[in-house]
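See structure below.
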Amino acid sequence: MVDEQSGPGAPALLPWESPDEVRVVDRTVGRTGGELVLRRAGSHWEVVSNGVFLMDTRDGASEREMVRAALAGVAVGRRDAAVLIGGLGVGFSAREALDDPRVARVRVVELEPRVVEWHSGPLAPVAGRLAEDPRCQIDCADVVDWLAATAETFDAVCLDVDNGPDWTVVEGNGRLYLPEALGHIRRVLRPGGAVAFWSAMPAPGFADLLARRFGRVRTVEVPARRGGPDVVYLAHTAP
C-alpha cells in the first residue's frame, strides 16, 4: 500500500491535473451487471461499483490488519504458509500476505475480470506488481463457488469481497456470510488455521453465526479516515 502522494506506488500527477481532480480511467459492466469504475483522484486510485465507493489507495490500514490478524492466529511455528485472499481490490491484502516471511503461497480469488486486468495495467505498481509474482496466483471466479469446488487447503483465509455482511453492494455477495459458505471455509482451513472477514461496519449477527461455527470470535477495530472504525472478525480452527 502507498499512502503518500509521493510514494513509489502512487502515479505521478500529469501536468494539467490538480491534486483533487477526479478522472475516470476505465468503466465497464461487471459480471454482476452493475457498473464498475476505476477513477484517478490526484495521485490515488479509486474503485466504485454501482455508484458505491468500494476502496482507494489512500490508506489500506484495515485490509492489512485483516491479513496480519489472520496470520497472527495461525499455529505457532507454522512456516511455508498458504493464504487465500477473497477479493483482489487494489492489492493491499495480497501484498501484506506476500510480505510476511512465513508465507510461501498466496491465492487470490476475484470475481471481476477487469479488476484482474487493472493489476497488469494502471494498478500494477500500487501493490508491487502482484501479477508478476510467482508466489501469487490470481483466479477470476466467485469466491463462494470457488470454495465449494476446491480441494486446496490453507493456513489463513482473508475475505474482503464487499463492504461487509450487513452492507453488500451486490446482493449475491451475501452468500459469503451464510452457513453454507462458512462450512466451505472451515473445510479448506488447515488445523490451527484462521479466517478473517473485513467489514466496513459492525455486524453482530454475523459475529454470532461465526462463533457458532468456529467457537470464539475476536473482533478487531481499525480507525477509518471518516466515520466509525472498520471491523475485522477473526476465528480459528483447533490445532
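Laboratory data are not the source of any read-out in this text; all were calculated from the coordinates shown. Keep in mind it's a predicted model, so treat the numbers as computed, not measured. Note that we place each Cβ from the backbone using ideal geometry, even for glycine, and neighbour counts take in every protein chain shown.
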So how far apart, in nm, are the two label points at residue 117 and residue 201 if each is 7 Å from Cα heading toward Cβ?
3.3
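DSSP loop (so not H, G, I, E, B), at most 14 other Cβ within 10 Å: list which chymotrypsin sites (Phe, Trp or Tyr not before Pro) in the stretch 151-226 pass both filters.
Values: sites: 154, 167, 177, 197, 198, 206, 214; in loops: 167.
Of the chymotrypsin sites (Phe, Trp or Tyr not before Pro), the ones in loops of the stretch 151-226 whose Cβ has at most 14 other Cβ atoms within 10 Å are 167.
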Post the alpha-carbon centroid distance, the stretch 207-230 to the stretch 58-112, in whole angstrom.
17
Counting only DSSP beta bridges with both partners in the stretch 14-165, the antiparallel fraction in percent, to the nearest 5, comes to 55
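Nearest 500 deg cm²/dmol is fine: what mean residue ellipticity at 222 nm does the chain get from its DSSP H runs of n ≥ 4 alone, each adding -39,500 (n - 2.57), divided by its residue count?
When only DSSP H runs of four or more count, the value is -6000 deg cm²/dmol.
From the P(r) of the stretch 61-236, could you give the percentage of C-alpha pairs in the tail past 25 Å?
On the way: 3931 of 15400 pairs.
So the portion of pairs separated by more than 25 Å is 26 percent.
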Round to the nearest 10 and give me the degree value, 0 to 90, for the angle of helix 61-72's Cα axis relative to the longest principal axis of the chain.
30
Check residue 41: other-chain or 5+ apart residues with amide H under 5 Å from its amide H, H built from backbone geometry?
23, 46
Inter-probe distance in nm under a simple model that places probes 7 Å from Cα toward Cβ, at residue 211 and residue 124:
4.8
What distance in nm separates the two pseudo spin-label positions at residue 25 and residue 145, each 7 Å out from Cα along the beta-carbon direction?
2.8
FRET efficiency for residue 41 and residue 102 from the Cβ-Cβ distance with R0 = 35 Å, rounded to 0.05, comes out at 0.50
Using the Karplus curve 6.51 cos²θ - 1.76 cosθ + 1.60 with θ = phi - 60°, work out ³J(HN,Hα) for each residue of the stretch 212-225 in order, rounded to whole Hz, and write x for Gly and Pro.
5, 7, 10, x, 4, 10, 9, 10, 10, 9, 10, x, 9, 5
